[in-house]
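First comes the structure, then the notes that go with it.
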Amino acid sequence: MNPSLERLVLRQPDDWHVHLRDGAMLESVVESTARVFRRAIVMPNLQPPIMSIGGALDYKKRILEALPFGIEFTPLMTAFLSESLSPDVLEQGFEEGVFTAAKLYPFNATTNSDCGVSDLRSIDSLLETMERIDMPLLIHGEVIDSDVDVFDRESVFIDRHLIPLLSRYEGLRVVLEHITTEQAVEFVETSSFRLAATITPHHLHINRNAMFSGGLRSDFYCLPLAKREHHRLALRRAATSGKPCFFLGTDSAPHPRAAKESSCGCAGIFNAAYALESYAEVFEQEGKLSRLEAFASEYGPSFYGLPLNSNKITLTKKPQLVPEAFQLAKDSSVCDSLVPFHAGEILNWRFVSN
Ligand code: DOR
Ligand code: ZN
């Protein structure tokens, strides 16, 4: 790849954190991810969550059936950790290649996490199993304790839960998902190779002001919340640092517009439609385009112990206007739209092919 050119040819990337949903929403969004990314770690927070081998296989089948003809895409399934999940199921699902990883949602920390974990000690047997079989643990790293300010939820999680957890399970491989703070960046880069972090496009572009610019802007409401500017700058440095512990995970999390704009609006930003262009913009602004390929296509598979993709994709430097909204699938029971991240903005890069 030559960073000075108007055209970037990259090894095809993967998305190491995405919400594809189900039903009509799945049909509306899956192409956005699958046309660009060769594989994706699919989050299990459906309602009910994915907690069985059969449930994961059925969901994977629905994802593959929703793909447009001719697209090659592999969904990598995850198990939703809860007190009621049996270690044997987790182990069998991993050994059979059904589950690639398991996701820890603290109870009620975010969308569809009411089956999440209240007390980490209650899933010790699951974590022991994961450590023994070398199954990656993916963490939504936030506390929801009422004594903690919402903007401190991630840094407090690291102190109260992540540090003790890593010292209890010294062999466990962990991904701290969608990091948003300078503390998380520093913690991950100074930890051992068994800890990594994904970084979303939105946390690289916006700080917390975006949620309140000119009014209450639900399009920018996601969890973990975007933080102060110095945190965003730390994330940009981390993503473009060339350190293998930071890799691409969009956390694209679509919600119909009406669900986001209600009095109790949903958290989540739908960024899949322009995710790679969005990352490219950041890497270019930071003068680090030559590091985009490793962040997007190499460090993730290396962490997961999976082969790198062999095919290439191309981005060209042709500005494009991001639409204000997409109509959701015609047969959708919710006749509604989906607002993409960067709606109404011009992005300089354009994905052209694979
Ligand atoms: O903003 C978010 N939306 N953060 C999450 O952790 C979950 C996600 C969702 O599922 O909507
Ligand atoms: Zn997520």
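Here are the numbers for this structure:
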{"read-out": "Projected area, mean over directions - the chain, Cα convex hull, nm²", "value": "16.5 nm²"}
{"read-out": "Amide proton proximity set for THR74, modelled H, under 5 Å, gap of 5+", "value": "ARG39, ALA40"}
{"read-out": "Calculated FRET value between GLU65 and ASN108, using beta carbons and R₀ = 41 Å, to 0.05", "value": "0.80"}
{"read-out": "Packing rank of 286-294, 311-319, where each peptide gets the mean count of other beta carbons within 10 Å, highest leading", "value": "286-294, 311-319"}
{"read-out": "Sequence-separation-based contact order of the chain, relative, with Cα cut under 8 Å and 6+ spacing, percent", "value": "19 percent"}
{"read-out": "Where chymotrypsin sites (Phe, Trp or Tyr not before Pro) in DSSP loops with at most 15 other Cβ within 10 Å are excluded, longest remaining stretch of the chain", "value": "194-354"}
{"read-out": "HN-Hα J in Hz across segment 209-225 - Karplus 6.51, -1.76, 1.60, θ = phi - 60°, x for Gly and Pro", "value": "4, 4, 5, 10, 7, x, x, 8, 9, 5, 4, 9, 8, 8, 10, x, 4"}
{"read-out": "For segment 159-175, Karplus couplings with θ = phi - 60° (6.51, -1.76, 1.60), whole Hz, Gly/Pro x", "value": "5, 7, 10, 5, 4, x, 5, 5, 7, 6, 10, 6, x, 6, 8, 10, 10"}
{"read-out": "Among beta bridges that DSSP assigns inside the chain, antiparallel share in %, nearest 5", "value": "30 percent"}
{"read-out": "Relative contact order (%) - criterion: Cα under 8 Å, at least six apart; region: segment 100-218", "value": "21 percent"}
{"read-out": "When each of LYS243/LYS288; LYS60/LYS103; LYS61/LYS260 is checked by Cα-Cα distance, pairs over 22 Å", "value": "LYS61/LYS260"}
{"read-out": "Relative contact order [Cα under 8 Å, 6+ residues apart], segment 55-161, whole percent", "value": "22 percent"}
{"read-out": "Three-way shape label, segment 186-331, alpha-carbon gyration tensor, a/c 1.5", "value": "prolate"}
{"read-out": "Cβ-placed point charges (K, R +1; D, E -1), dipole of the chain about Cα centre in debye, nearest 20", "value": "1100 debye"}
{"read-out": "Protein-only accessible surface order, largest first, of GLU324, GLU182, GLU345 at 1.4 Å", "value": "GLU324, GLU345, GLU182"}
{"read-out": "Two-decimal log10 I(q)/I(0) for segment 115-177, as the Debye equation yields it once each C-alpha is a single scatterer, q = 0.15, 0.21, 0.24, 0.30 Å⁻¹", "value": "-0.46, -0.87, -1.09, -1.44"}
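The values are calculated or read from the model by the stated rules, or taken from the named source; none is laboratory data. Just so it is clear, the model here is predicted, and its values are computed rather than measured. Because the Cβ atoms are built from the backbone with ideal geometry, glycine has one as well, and the counts that use them run over all protein chains shown. These accessible areas exclude ligands, DNA and RNA; they are computed on the full protein's heavy atoms, side chains included. Shrake-Rupley method; radii C 1.70, N 1.55, O 1.52, S 1.80 Å.
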